[in-house]
Amino acid sequence: MAKLSERYEAVVVFSVKDGEEAIPALVTKFSDLIKENNAELVNIDEWGRRKLAYEIDYETDGYYVLYHFNAKPDVPLEFERVINITDGVLRSMVVLRQGE
């Protein structure tokens, strides 16, 4: 039997090339996206500005945010779709959390 809800986490690295003023709006945009899809946002952990391991689009720093949420399997797909079309996102990864 399929589970109705799974635990996921998403790491998103935002661009800081235009300053950090736009980052709170992006963090809110993705937390609202999770809530709009009837998912439970468990936690948002902002790691802040950090040095990237390698340059991405000529940028050496990024702003890291970790989202923990419980959702149906279709929500992470929508989350990734919106991430891929949003300016200001350098990298992202959404994974299913196992155990715990």
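The values are calculated or read from the model by the stated rules, or taken from the named source; none is laboratory data. As the structure is a computational prediction, the values presented were derived from the model and not from experiment. Positions of Cβ are generated from backbone atoms using ideal geometry, with glycine treated the same way; all protein chains shown enter the neighbour counts. These area figures cover heavy atoms from the full protein model, side chains too; ligands, DNA and RNA do not enter into them. Shrake-Rupley method; radii C 1.70, N 1.55, O 1.52, S 1.80 Å.
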Legend entry - Subset of region 59-76 [free of Cβ contacts under 8 Å to residues at least 40 places away in the same chain and in contact with a strand residue (DSSP E or B) (Cβ under 9 Å, 6 or more places away or on another chain)]: Thr60
Inset, instruction - May I ask you to verify whether Phe14 is in contact with a Leu (Cβ under 6 Å, 6 or more places away or on another chain) and either surrounded by 17 or more Cβ atoms within 10 Å (Cβ to Cβ) or among the polar types (S, T, N, Q) (or both)? - result: yes
Inset, instruction - Looking only at region 3-19, count how many residues are touching a residue at least 12 places away in the same chain (Cβ under 8 Å) and farther than 13 Å from Gly62 by Cβ. - result: 7
Inset, instruction - Please work out which one of (1) in a loop (DSSP other than H, G, I, E, B); (2) on the phi < 0 side of the Ramachandran plot is the condition Gly19 fails and give its number. - result: (2)
Inset, instruction - Please enumerate the residues belonging to region 20-58 that are of a type in the set (Asp, Glu) and in contact (Cβ under 8 Å) with a residue 12 or more places away in the chain. - result: Glu20, Glu40, Asp45, Glu46, Asp57
Inset, instruction - State the number of residues belonging to region 76-100 that are open to solvent by less than 40 Å² (accessible area, probe 1.4 Å), out of contact with any Asp or Glu (no Cβ under 9 Å at 6 or more places or on another chain) and outside any strand (DSSP E or B). - result: 4
Legend entry - Whichever residue in region 24-57 is in contact with a Lys or Arg (Cβ under 9 Å, 6 or more places away or on another chain) and either closer than 17 Å to Asn84 by Cα or not aliphatic (A, V, I, L, M) (or both) and, among such residues, is least open to solvent (accessible area, probe 1.4 Å): Ile56
